Amino acid sequence: MNRQSRTDRPYDIVLFGATGFAGTLTAEYLAEHAPEGLRWAIAGRSEAKLARLRELLPGKAQVDVVRADVSEPASLLALAERARVVATTVGPYVAYGEALVAACADAGTDYLDLCGEPEFVDLMYVRHDARARETGARLVHAAGFDSIPHDLGVYFTVQQLPQEVPLSIEGFVSADAAFSGGTFASALNQFARQRQMAAAARDRRRHEPRLVGRRASAPLGGPRFAQEVGAWALPLPTIDPQIVRRSAAALDRYGPDFRYRQYAAVRRLPVAVGGVAAVGALVAAAQVPPARRWLSNRLAPGDGPDPQKRARSWFSVRFVGEGGGRRVYTEVSGGDPGYGETAKMLAESALCLAFDELPRTAGQVTTAVAMGDALVGRLRAAGIRFRVASVR
């Protein structure tokens with residue numbers, strides 16, 4: 001199947017999980033920013049909820065309603081066969097996500113999610129990358145705050161550095177934001193599945209082709225005071241460095257020997273120490289099922305920060321890149337990272353896959369590999385800032 005044949009499908013984009021917290025924000029963004037003639041639909045398991053959402057969308061959006069349920073794989077395949085791009089906000093993905101990935105891989109349909117779960121991404125590579133390559137589907141995970149600012153921020157920084165030399169980049173993340181019940185549930189689920197996560201990573205390494213003649217790494221750094229940004233730098237063991245490393249492995253522009261490290265940037269030492277202790281306590285509690293259930297009930301899926309809190313939220317990822325005797329400081333920044341900007345990133349990624357001239361790729365690919373310059377341009381036009389702060 002080639003992508004040109006898919007223009008005959010009824011929908012350019014289907015948003016699955018549209019009635020959830022992140023899904024509703026994404027639907028609202030698409031309704032406000034959809035190009036003229038966009039053929040799209042909102043999908044989920046409750047037609048009644050979808051119909052109510054459609055009535056509330058800005059500008060009385062012309063959008064169809066499609067019923068599909070993760071417990072009914074046939075409904076997901078039928079959905080995938082009718083769309084050019086499917087974007088999903090239904091997590092935790094390791095619990096609810098695979099059937100839709102499989103359907104998109106079989107149908108040759110481009111797939112996007114907001115997944116920050118390394119186990120799920122690794123499992124999907126092993127199980128569905130080969131099929132997606134056969135059908136031409138692009139499977140793009142982590143198309144929200146996990147991990148677009150980091151993946152595209154490094155991509156942008158690499159372009160400011162010399163070619164064909166070893167490159168080293170560090171990212172420093174600052175944010176002021178709250179999170180939803182769905183995000184909290186995904187994090188707890190990850191903390192509780194450390195052994196499964198490690199097993200999935202090992203299995204992926206057995207299936208993934210080895211780099212020949214080049215190196216790309218993302219080691220975990222140690223805590224330190226980073227003079228470059230004037231803050232305490234705490235290592236961030238999120239999915240973002242893994243996504244960046246895969247972009248670097250796939251793109252020769254990252255040079256013959258590439259290394260990326262990512263940190264949380266915290267101004268005050270007591271706050272840094274308290275943050276480490278809080279995360280450690282959460283990880284420990286997640287290992288005990290009753291404690292995990294109690295924590296999950298504190299913030300129900302579908303709940304999230306109110307508009308006032310989101311309006312005050314912000315994020316900044318500052319990068320320090322070095323190579324070939326050159327040092328460059330760059331920054332990616334924007335508003336509410338977890339929801340407002342994540343909805344924007346997911347929606348613009350879907351529009352990018354549907355309409356932009358892009359490199360020919362297939363299988364499981366990152367945002368930088370699949371969309372690169374086109375998505376950077378879209379996000380800049382949508383208000384997310386990519387800037388070069390200084391060059392030395």
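The number of residues in region 142-165 that are open to solvent by 10 Å² or more (accessible area, probe 1.4 Å) and either at positive phi or among the small types (Gly, Ala, Ser) (or both) comes to 1. For region 73-112, a residue qualifies if it is in a loop (DSSP other than H, G, I, E, B) and not small (Gly, Ala, Ser), and the qualifying residues are Arg82, Thr89, Val90, Pro92, Thr109. Determine whether region 170-183 contains at least one residue that is β-branched (Val, Ile, Thr), modelled with pLDDT under 95 and out of contact with any Leu (no Cβ under 8 Å at 6 or more places or on another chain). The answer is yes, given that some residue of region 170-183 is β-branched (Val, Ile, Thr), modelled with pLDDT under 95 and out of contact with any Leu (no Cβ under 8 Å at 6 or more places or on another chain). Taking first residues from region 148-164 that are touching a residue at least 12 places away in the same chain (Cβ under 8 Å) and hydrophobic (A, V, I, L, M, F, W, C) and partners that are surrounded by fewer than 24 Cβ atoms within 10 Å (Cβ to Cβ) and in a loop (DSSP other than H, G, I, E, B), the Cβ contacts under 7 Å between residues at least 6 apart in sequence or on separate chains come to Leu161/Gly324. The residues of region 318-330 that are under 22 Å from the mean Cα position of the chain (by Cα) and open to solvent by 30 Å² or more (accessible area, probe 1.4 Å) amount to a single one, Arg318. Counting just the residues of region 74-97 that are touching a residue at least 60 places away in the same chain (Cβ under 8 Å) and not hydrophobic (A, V, I, L, M, F, W, C), which one comes out surrounded by the fewest Cβ atoms within 10 Å (Cβ to Cβ)? Among those that are touching a residue at least 60 places away in the same chain (Cβ under 8 Å) and not hydrophobic (A, V, I, L, M, F, W, C), it is Glu81.
Residues that are open to solvent by 20 Å² or more (accessible area, probe 1.4 Å) and at positive phi within region 352-371 are absent altogether.
Looking for whichever is β-branched (Val, Ile, Thr), assigned to a loop (DSSP other than H, G, I, E, B) and open to solvent by 30 Å² or more (accessible area, probe 1.4 Å) here; the options are Val70, Val65. Which one fits? Outline the logic, then answer.
Values: Val65 fails: assigned to a loop (DSSP other than H, G, I, E, B).
None of the other options fit; the residue is Val70.
When you go through Ala248, Ala233, Ala265 one by one, which is the residue that is part of a helix (DSSP H, G or I), within 27 Å of Arg215 (Cβ to Cβ) and at pLDDT 90 or above? Selected residue: Ala248, the only one of Ala248, Ala233, Ala265 that is part of a helix (DSSP H, G or I), within 27 Å of Arg215 (Cβ to Cβ) and at pLDDT 90 or above. As a summary of the residue check, Leu220 satisfies the conditions (1) open to solvent by 50 Å² or more (accessible area, probe 1.4 Å); (2) modelled with pLDDT of 95 or more; (3) under 25 Å from Val140 (Cβ atoms) except for the one numbered (2).
Could you check, for region 127-138, whether at least one of its residues is in contact with a strand residue (DSSP E or B) (Cβ under 8 Å, 6 or more places away or on another chain), in a helix (DSSP H, G or I) and open to solvent by 30 Å² or more (accessible area, probe 1.4 Å)? Let's see the steps before the verdict.
First pass over region 127-138, keeping only residues in contact with a strand residue (DSSP E or B) (Cβ under 8 Å, 6 or more places away or on another chain): 128-130, 132-133, 137-138.
Cutting the leftovers down to in a helix (DSSP H, G or I) gives us 128-130, 132-133.
So of that shortlist, the ones also open to solvent by 30 Å² or more (accessible area, probe 1.4 Å) come out as 130, 133.
Scanning region 127-138 turns up at least one residue that is in contact with a strand residue (DSSP E or B) (Cβ under 8 Å, 6 or more places away or on another chain), in a helix (DSSP H, G or I) and open to solvent by 30 Å² or more (accessible area, probe 1.4 Å).
Is it fair to say Ala107 is more than 20 Å from Arg378 (Cβ to Cβ), touching a Lys or Arg at 6+ places or on another chain (Cβ under 8 Å), open to solvent by less than 30 Å² (accessible area, probe 1.4 Å) and small (Gly, Ala, Ser)? In short, no.
For region 3-44, filtered to residues that are modelled with pLDDT under 95 and within 21 Å of Ala362 (Cα to Cα), the residue that is surrounded by the most Cβ atoms within 10 Å (Cβ to Cβ) is Arg6.
With Gly59, Gly37 as the choices, which residue is outside any strand (DSSP E or B) and free of Cβ contacts under 8 Å to residues at least 24 places away in the same chain?
Numbers: Gly59 fails: free of Cβ contacts under 8 Å to residues at least 24 places away in the same chain.
Going through Gly59, Gly37 in turn, the sole match is Gly37.
Apart from one condition, Leu50 fits all of (1) in a helix (DSSP H, G or I); (2) open to solvent by less than 30 Å² (accessible area, probe 1.4 Å); (3) touching a residue at least 60 places away in the same chain (Cβ under 8 Å); the exception is (3). Right, Phe315: in contact with a strand residue (DSSP E or B) (Cβ under 6 Å, 6 or more places away or on another chain), surrounded by fewer than 24 Cβ atoms within 10 Å (Cβ to Cβ) and within 30 Å of Ala226 (Cα to Cα) or not? For Phe315, the condition - in contact with a strand residue (DSSP E or B) (Cβ under 6 Å, 6 or more places away or on another chain), surrounded by fewer than 24 Cβ atoms within 10 Å (Cβ to Cβ) and within 30 Å of Ala226 (Cα to Cα) - is met.
The values are calculated or read from the model by the stated rules, or taken from the named source; none is laboratory data. Owing to the predicted nature of the structure, the values given are computational and were not obtained by experimental measurement. Note that each Cβ is placed from the backbone with ideal geometry, even for glycine, and that neighbours are counted across all protein chains shown. For the accessible areas, the whole protein counts, side chains as well, though only heavy atoms, and no ligand, DNA or RNA atoms are used. Shrake-Rupley method; radii C 1.70, N 1.55, O 1.52, S 1.80 Å.
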